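Everything on this sheet refers to the single structure shown next.
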Amino acid sequence: MTNPRTLLDLRAITARKWADPADFPAEEFARASAFYEAMRTHDDHLLKVRDQASGLIEQWTGCVPRDVGSFGTRLNLETSDLDLGIGFPVERREELMQALAGTGRAKFLGERYTSFSTTRLVFAFEVAGIEIDLSALTVADFAVACRMLDQIDAEMTREERIAHTWVKHLLRESGDLDAYAGWKLVTYARYCPEFNWVPIPEKAGS
């Protein structure tokens, strides 16, 4: 796995499942930092879209969502979608399916494993041309996810976010979609080993 635009050994980094800023040559980290700052210029727009999407989800489901995706952890690329999650009782999932189907906007994408014994329902809709993925986790799993996100907020340094996002960008740019899909999950897996972090295959051009 090579990329002429980087001095990093991407294969070694993905095998280690973490990007240590201390391993970056100064020139490489400067490029990574500049790229990260460029991603941050989209924050205001994405915040507005996220607020709109959150309001719709609360209106449709009665639940206040949380950003469970890369934008919430500030690890997003320019092309990243928004991922929002709610905790919803399993016994009321049919009610949720009907409510979201009735919006005429939310499309059901399927049921996916969250832990080895629990699943979540995944839906998608658009706001201002940005895809919003909505995951309805069990109430207990949502609590675990919120704990994980709080821990990432508190413990992951800005330098680690820069390094992670740069590697993510390089993997996407390299065209290795399997490695890219796996890399998107390494932060979650590091802070929340309880969940079943299985990469979802990426589509070329997505």
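The values are calculated or read from the model by the stated rules, or taken from the named source; none is laboratory data. On a predicted model such as this, the values are computed, not experimentally measured, just so you know. Glycine also receives a Cβ, built like all others from the backbone with ideal geometry; neighbour counts cover every protein chain displayed. These area figures cover heavy atoms from the full protein model, side chains too; ligands, DNA and RNA do not enter into them. Shrake-Rupley method; radii C 1.70, N 1.55, O 1.52, S 1.80 Å.
Counting only DSSP beta bridges with both residues in region 1-144, the antiparallel share comes to about 70 percent.
Annotation for S117 and R158: the two label points, set 7 Å from Cα along the Cα-Cβ direction, are 4.3 nm apart. Converting the Cα gyration tensor eigenvalues of region 15-133 into ellipsoid dimensions via √(5λ) gives semi-axes, longest first, of 33, 19, 10 Å.
For region 57-154, the set of chymotrypsin sites (Phe, Trp or Tyr not before Pro) satisfying both a DSSP loop assignment and a count of at most 11 other C-beta atoms within 10 Å is given as F116.
P(r) tail for the chain: Cα pairs beyond 29 Å make up 25% of the total.
Rolling a 1.4 angstrom probe over region 33-186 with all protein chains present gives an accessible area of which 50% lies on carbon and sulfur atoms. Per residue, what accessible area does region 128-197 have, given a 1.4 Å probe and all protein chains present, in Å²? On a per-residue basis, 39 Å².
For region 49-97 and region 127-144, what is the centre-to-centre distance using only Cα atoms, to the nearest Å? One Cα centre to the other: 3 Å. For the chain, the mean residue ellipticity at 222 nm estimated from helices alone is -14500 deg cm²/dmol, where every DSSP H run of n ≥ 4 contributes -39500 (n - 2.57) and the total is divided by all residues, rounded to the nearest 500.
Here the spin labels are modelled as points 7 Å beyond Cα on the Cα-Cβ line, and at Q98 and R31 they lie 5.6 nm apart.
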